Amino acid sequence: MLAERMLATNPKLIDAAVELNQLGALPANSFLFDLDVVAENARMQATEAQRLGLTTYLMTKQIARNPMVTRTALANGIDKTVAVDVQCARMLARYGIPIGHIGQINQIPKHQIDWAVAQHPDVITVYSRQAAEWVSAAAAKIGRLQHVLVRVWDEGDIFFDGQEGGFRAEEFVDAVRAIDALPNLVVVGATSFPSMEYSFDAARFPVQPLPNFATVRTALERARAELGLELPELNAPGATPRSPPCKP
């Protein structure tokens, strides 16, 4: 899939990769990025997101956690970063790049939570009351008020193998009530993954919401009504349909 898109949209990058490798200037197993295209894509996405009132997050895992590419995207309008795991977070911290979101797909290991919270991420996703308690304790140690997102799911939602988890929809309001009451924590919203599906099929509208999106939206509406909390963040990352197969 990626090779096909590259051939269609940026064949000169492939030509450059072949030439540089054959000259010995580009070692095997290297990553090659076109920073001009990264900057252009970042500007386009940022402009459209601003028009729609959305916040953009750069998934650093998808660019091999490369700090130069990350800085280029942020300099051209992308709002924040995503550290999909602690390894991503450590790379961002090493190069002084602020962490926007951590814990969305992989929960932070217990013994690394103190370090993660000390990096002052904008939001941390929690799947369980216990994970929230660990984040609460870490935030209390440094006198920080940490914002968290609560992961929610319902029957019929779609997940990749090994990426399931969170609170059932009927448990969500009680979970938010309990987590928001923990010291040094504020629940600011909810999340699921994948929530959107992108298609290259010209006959379809490019972006289609998956059942997960409705689950998150409905859960937030209920919690706002029943708890009187603002809960301003609906975090809805997506994936292409040609990614590994999802399951209900």
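Per-residue ellipticity at 222 nm for the chain, helices alone: DSSP H runs ≥ 4 residues times -39500 (n - 2.57), over residue total, nearest 500 deg cm²/dmol?
Value at 222 nm, helices only, nearest 500: -12500 deg cm²/dmol.
Please report the equivalent ellipsoid semi-axes of the range 103-239, computed as sqrt(5 x eigenvalue) of the Cα gyration tensor, largest first, in whole Å. All intermediate terms of the calculation are to be shown ahead of the outcome.
Values: eigenvalues 146, 58, 32 Å².
Each semi-axis is the square root of five times an eigenvalue, giving 27, 17, 13 Å.
For q values of 0.24 Å⁻¹, compute log₁₀ I(q)/I(0) with the Debye formula on a Cα-only model of the range 151-210, without solvent.
-1.00
At R0 = 22 Å, how high is the FRET efficiency between Leu23 and Ala75 if r is their beta carbon distance? Nearest 0.05 is fine.
Efficiency at R0 = 22 Å is approximately 0.15.
Looking at the chain, how many pairs of lysines come closer than 26 Å at the Cα, when each pair is eight or more places apart or spans two chains?
Taking the Cα cut-off of 26 Å, the pair count is 7.
What Kirkwood hydrodynamic radius do you get for the chain when you take the inverse of the mean 1/r over all pairs of distinct Cα atoms, in Å?
That comes to 19.5 Å for the chain.
For an R0 of 35 angstrom, estimate the FRET efficiency from the Cβ-Cβ distance between Ile14 and Glu164 and round to the nearest 0.05.
Computed FRET efficiency for Ile14 and Glu164 comes out at 0.40.
Return one quarter of the surface area of the convex hull spanned by the alpha-carbon atoms of the range 11-103, equal to its mean projected area, in nm².
6.8
Could you work out how far the C-alpha centroid of the range 118-170 sits from that of the range 1-78, in angstrom?
30
Can you give the relative contact order of the chain as a percent, counting alpha carbon pairs under 8 Å and 6+ residues apart?
13
Looking at the chain, identify the longest residue range that excludes and avoids all chymotrypsin sites (Phe, Trp or Tyr not before Pro) in DSSP loops having at most 13 other Cβ atoms within 10 Å. Show your work: numbers first, answer last.
Values: sites that count: Phe31, Tyr95, Phe200.
Excluding the exposed sites themselves, the longest stretch runs over 96-199.
What stretch of the chain, leaving out the sites themselves, is the longest with no GluC sites (Glu not before Pro) in a DSSP loop having at most 16 other Cβ atoms within 10 Å?
Numbers: sites that count: Glu155, Glu164, Glu230.
Excluding the exposed sites themselves, the longest stretch runs over 1-154.
Each value in this text was obtained by applying a stated rule to the coordinates, not by laboratory testing. Bear in mind that the values here come from a model prediction, so they are computed numbers and not experimental data. Note that each Cβ is placed from the backbone with ideal geometry, even for glycine, and that neighbours are counted across all protein chains shown.
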